[in-house]
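Read through the structure below, which is laid out as C-alpha cells, and then see the notes.
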Amino acid sequence: MKEVNLDIVEVTVPNDDAEEKIQELFRRLNEGVPLNAAEKRRAMGGNLAILVTELSQSVFFTNYLPFTNARYKHEELTARIVRMAQSSLANGPLVTDIKDKNLKDMYAQGSKLPEQELEKIQNRTQLLLNNLIKVFEPQQPLLKSVGLIPGYIAFTEEVIEDYAHPELHKLIGDRKSTRLNSSHGYISYAVFC
C-alpha cells in the first residue's frame, strides 16, 4: 500500500449559515463542481470585494430579488452594478461593459483604491439600488433575470435625469407609488425622487 500524507483542516463554525456553506463547499469539492465567476472574484479579496459583499446584503438584494444568493448570485449582480456606478463616476457611460474580464480587472484595481473613492462608489451604487426600490415591488417577477437588472437601472437613470423634477420628493411627499386598477390588473406608476 502506498503511503499518502493527508492534510487535516479544522473548521470552526460560528453560526448555522456558515455550516451550510461549508457543507455546500464540501459537496462541490467531492463532485468536482468548478467555481463560478463570482466565487473566483470573491476569493481575490481586497477592499472592493468587501464593498461588493456588503452592498449585496442591502435591502434591494435581501427583500426585492425573487432569487436567493446561492453561489453568490447577488454578489455577481452587485459587481455589475458597482461597475456601472464606477463608470458613471468617471464621467463615462452608465451602460458599460460588464463582462467577467472587466469585472475581474475592476476587482484587481479595486484593491488599490483609496477609501474616499470606495465611498463614492458605494454611495453611487446605493443610489442606483434605491432608485430600483422606488420602481419595483418586493419579489417582483421582472427581477428574476440577473441580466435584465442593469438595463432597468439604465432606464430608471435616464427617466430620472430627463424627466424628474429635482424637488419632486418634496412636492409629493414620501409616497412610493400610486396604483391604478385596470381591466388587466394593477399598473404601478413609479415616483422618482
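Of all residue pairs spaced 6 or more apart or on separate chains, those with beta-carbon atoms under 8 Å, a first member in region 81-95 that is under 12 Å from residue 120 (Cα atoms) and a second member that is in a loop (DSSP other than H, G, I, E, B) and not aliphatic (A, V, I, L, M) are 87/93; 87/96. Name the pairs whose Cβ atoms lie under 7 Å apart, with the first residue in region 21-33 and part of a helix (DSSP H, G or I), the second at pLDDT below 75, and 6 or more positions between them or separate chains? Partner pairs satisfying both residue conditions: 22/11; 22/13.
When residue 17 is tested against (1) open to solvent by less than 80 Å² (accessible area, probe 1.4 Å); (2) farther than 22 Å from residue 154 by Cβ, just one condition goes unmet, and that condition is (1).
Tally the residues that are among the hydroxyl-bearing types (Ser, Thr, Tyr), surrounded by fewer than 19 Cβ atoms within 10 Å (Cβ to Cβ) and either farther than 15 Å from residue 74 by Cβ or modelled with pLDDT of 95 or more (or both), restricting the search to region 124-158. Steps first, please.
The first filter runs over region 124-158 and keeps only residues among the hydroxyl-bearing types (Ser, Thr, Tyr), leaving 125, 145, 152, 156.
From what's left, surrounded by fewer than 19 Cβ atoms within 10 Å (Cβ to Cβ): 145, 152.
Still in the list and also either farther than 15 Å from residue 74 by Cβ or modelled with pLDDT of 95 or more (or both): 152.
The qualifying residues number 1.
For region 43-57, what are the residues that are farther than 14 Å from residue 109 by Cα, of a type outside the set (Val, Ile, Thr) and open to solvent by 20 Å² or more (accessible area, probe 1.4 Å)? Correct list: 43, 54, 57. Would region 58-72 turn up any residue that is closer than 18 Å to residue 145 by Cα and of a type in the set (D, E, K, R)? Yes, region 58-72 has at least one match. Listed by position, the helices (runs of 4 or more DSSP H) contained in region 68-149 that have at least 3 residues being over 16 Å from the mean Cα position of the chain (by Cα) are 100-110, 115-135.
The values are calculated or read from the model by the stated rules, or taken from the named source; none is laboratory data. On a predicted model such as this, the values are computed, not experimentally measured, just so you know. Reconstructed Cβ throughout: ideal geometry from the backbone, glycine too, with neighbour counts over all protein chains shown. SASA here: full protein model, heavy atoms, side chains in, ligands and nucleic acids out. Shrake-Rupley method; radii C 1.70, N 1.55, O 1.52, S 1.80 Å.
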